[in-house]
Amino acid sequence: MATVDVHAHLSDHAFEHDIDDVISKAKEAGVAAALVVSESLSDFPLVLGLADRHPDFVLPCLGLHPVQPDSEAVDSFGQRSVTIKDYEEAEAVLEEHHHRLAAIGEIGLDFTPRVCRTPEEKEAQREVFSRQIKLAQKYDLPVNVHSRSAGIHAINLLKELGATKVLLHAFDGKASSALTGVESGFFFSVPASICRSPQKQKLVSRLPMSNLLLETDSPALAPEKMERNVPANISISCEHVAQIKKMSISEVKEITTQNAIRLFPTLAKLVHR
């Protein structure tokens with residue numbers, strides 16, 4: 001059974017010179033497909049273009065991340081919290097391309113203090129997240145969700161809005177919070193950084209295999225800090241889940257890939273080709 005990377009940023013500038021080679025090596029490593037997510041409106045054409053070039057590997061996901069790039073932002077990271085105006089500018093593009101998408105994403109909440117400083121910014125994030133959840137529901141699409149420092153808040157909002165097709169990627173909250181998402185059928189994906197993250201290891205130990213998927217978040221969350229992550233590293237996620245769950249690697253591949261197809265049905269054509 002092949003593996004699937006359910007959350008990657010392959011349109012990122014970190015791959016601009018060798019993306020074809022990165023995808024080729026991923027295939028050689030047994031990765032059948034990657035769900036490639038956007039963060040900002042400027043990413044949308046890049047993600048769609050990559051899907052056009054690699055239709056046998058890339059499934060596009062479009063959405064607005066709760067943290068947006070901003071060269072004029074006051075912090076040194078050049079980032080700011082998403083605004084309603086950002087969503088209003090992106091909505092027509094999301095509507096136009098919904099039929100091409102495997103999911104709406106990456107969307108969610110990020111209450112990291114350096115980015116989200118005020119109650120008003122938190123409320124704007126909730127509103128943008130809510131509107132994108134409702135858009136996904138309109139077209140019967142899953143959501144690919146970011147929830148840094150806001151895990152239980154994201155889960156509660158998803159449940160409040162009746163979302164059922166949900167992936168919470170690289171969840172950084174408590175296992176007890178994640179289990180409330182499991183009760184609603186939400187899925188949680190495990191990045192390769194699990195090898196250096198006691199929090200991710202504990203999360204995997206507590207969650208049932210029926211709700212686990214594999215991801216890389218490439219180029220972020222690499223096995224080693226400060227290194228570029230790649231989809232081929234999905235094998236590291238798989239190996240550590242197998243160790244924690246006391247299962248064989250082949251069993252983890254089988255279960256997580258079938259889970260991925262359940263949540264993202266368009267994956268079936270790439271996994272089973």
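Any read-out appearing in this document is the output of simple, stated calculations on the displayed coordinates, not a laboratory observation. All values reported here derive from a predicted model rather than from experimental measurement. All Cβ positions, even for glycine, are placed from backbone atoms using ideal geometry, and neighbour counts span all protein chains on display.
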Practice problem: Using a cut-off of 11 Å between beta-carbons, work out the net charge of the residues near residue 213 (Lys and Arg +1, Asp and Glu -1, residue 213 not included). | Solution: -1
Quiz item: What net charge do the residues around residue 22 carry, taking every other residue with its C-beta under 13 Å from that of residue 22, with Lys and Arg at +1 and Asp and Glu at -1?
Solution: -3
Quiz prompt | Shape category assigned to segment 225-273 from the gyration tensor of Cα positions, a/c cut at 1.5 | solution = oblate
Practice problem: Provide the FRET efficiency to the nearest 0.05 for the residue 70-residue 269 pair, computing r from the beta carbons and using R0 = 30 Å. | Solution: 0.20
Exercise. Using only the Cα atoms of segment 124-164, build the gyration tensor, take square roots of its eigenvalues as a ≥ b ≥ c, and label the shape rounded, prolate or oblate: rounded if a/c is under 1.5, else prolate if a/b is larger than b/c, else oblate.
Key: prolate
Quiz item: If you plug each phi of segment 96-101 into the Karplus form 6.51 cos²θ - 1.76 cosθ + 1.60 with θ = phi - 60°, what whole-Hz ³J(HN,Hα) values come out, in order, with x for Gly and Pro?
Solution: 4, 10, 4, 5, 8, 8
Quiz item: Which peptide among 54-62, 249-257 comes first, and what is the full order, when sorted by highest mean count of other Cβ atoms within 10 Å?
Solution: 54-62, 249-257
Quiz item: Among 40-48, 116-124, how do they line up from the highest to the lowest mean number of other beta-carbon atoms within 10 Å?
Solution: 40-48, 116-124
Quiz item: What FRET efficiency would be calculated for the residue pair residue 17, residue 126, taking the C-beta separation as r and a Förster radius of 35 Å, to the nearest 0.05?
Solution: 0.40
Quiz item: Where does segment 62-181 land on Rg(C-alpha)/(2.2 N^0.38 Å)?
Solution: 1.02
Practice problem: Just grab the label-to-label distance for residue 99 and residue 226, each label 7 Å out from Cα along the Cβ direction, in nm (one decimal). | Solution: 4.9 nm
Self-check item: ³J(HN,Hα), Karplus 6.51/-1.76/1.60, whole Hz, each residue of segment 199-209, x for Gly, Pro
Solution: 5, 5, 5, 5, 4, 5, 5, 8, 8, x, 4
Quiz prompt | Over the chain: helical MRE at 222 nm, DSSP H runs n ≥ 4 each giving -39500 (n - 2.57), nearest 500 | solution = -12500 deg cm²/dmol
